[in-house]
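The values are calculated or read from the model by the stated rules, or taken from the named source; none is laboratory data. Note that the structure is a prediction, hence the values are computed from the model and not measured. Note that each Cβ is placed from the backbone with ideal geometry, even for glycine, and that neighbours are counted across all protein chains shown.
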Amino acid sequence: MALYLQDDVIYKKMDEMVNQFTDKGDFYFEIINRILDNLHKQITQKVMKIRNLPWDSFDDWGIAIQFLLKCIDVPVFSNRFINTCRESFENYLESVEDSELELIAGKHDITVSYDRENRIFRAQLFEFTKYCSRISGSEYRLVFQSFDRGEILIEKNAVIKLLRETLASNLREMTSIIDKSRAVEIFRSQAEKIEEIRNMAVEMSKSTELGSVDSSCFPPCIIHFISDVKGGVNLPHLARFTMVSFLNNVGMSEQGIIEIFGTVPDFSKKITEYQVRHIIGEISGIKYSPPKCVTLRSNHLCYWDDDSLCHEERMTHPLTYYKIKKKNQKRN
């Protein structure tokens, strides 16, 4: 799926999705009811672990997930749900044969071919750089890859990580283009159950469990980054820098910041400690400030949605948001 779609392509794709949903209504509603029951139980327990998803039939139920997330429409919750899908998908991929990955990749619009003679995979340059930027570890950087006739040669573990990031990216993209009014209309018979889950999801998204630091005053971008990390996502470098420098500036301890990254796949405490200490100034000697809002927006890292304070003209920096929220709290 293309990352940026023209309006006419978006509407055509959305119409296709709606028609597909209508054609398989009974099948999808059975799946959705199971997912809703699972979500209710999970949120009540304040966790997000959707297990045993039937990934071999993702083509049959994946579209239902996208419409459901749009209907609930709580971005932080949607991100957590997609992150747990991402983890489940990775576990599934680790269990399949090498030769099967080529077929699975094709279903997710990724061109990967398996060289059976040399037991190696071939990937396209653009697709590798697009999705592997979210994977931690220097072994996944482009400069360390082997090339042959314009293709990148990668091992199975790299293919798995490439596919898991593709899945998460596609779920987010396709969920974003769905018209919410259509999603609500489709799920009108489950409206009461969905509204209950939505209210619980809103409360869940507010909880970041960050000790003495007042997370209720955090801007949406920081909440989103923390949610990503707690959901096991490897953030882009600028997002990590923004989150760490912000938390340091609002008073979180070094150890507290490091512990947040403990759920990230391929977590290395040694590397994380070094990176955090560099950003907070223990190694570099410079206490960095987060980038301005305009920089975050230009890098697609702004999540202001309908937050009224974010949309005010004076709001140019994450720390400004925090200071204003803290000041308003004291007045009240």
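Things worth noting here:
- Condition check for F225: part of a helix (DSSP H, G or I) and either at pLDDT below 90 or of a type outside the set (D, E, K, R) (or both): yes
- Residue match in region 144-156 (condition: in contact (Cβ under 8 Å) with a residue 24 or more places away in the chain and among the basic types (K, R)): yes
- Flag for M204 being under 20 Å from the mean Cα position of the chain (by Cα), at pLDDT below 80 and assigned to a helix (DSSP H, G or I): yes
- Looking only at region 287-315, and only at residues there that are of a type in the set (G, A, S) and closer than 22 Å to S216 by Cβ, the one that is modelled with the lowest pLDDT: S308
- Some residue of region 279-286 being modelled with pLDDT of 85 or more and not in a loop (DSSP other than H, G, I, E, B): yes
- Qualifying residue in region 57-74 (condition: in contact with a helix residue (DSSP H, G or I) (Cβ under 9 Å, 6 or more places away or on another chain), surrounded by fewer than 11 Cβ atoms within 10 Å (Cβ to Cβ), β-branched (V, I, T) and at pLDDT 65 or above): no
- Residue identified as surrounded by 15 or more Cβ atoms within 10 Å (Cβ to Cβ), assigned by TED's automatic domain parsing to the domain that holds Q66 and touching a helix residue (DSSP H, G or I) at 6+ places or on another chain (Cβ under 6 Å) among I160, I177: I177
- Residues of region 298-325 satisfying the condition of being exposed (fewer than 14 other Cβ atoms within 10 Å of the Cβ) and in a helix (DSSP H, G or I): S298, K323
- Any hit, region 261-273, residues being over 26 Å from N83 (Cα atoms) and part of a helix (DSSP H, G or I): no
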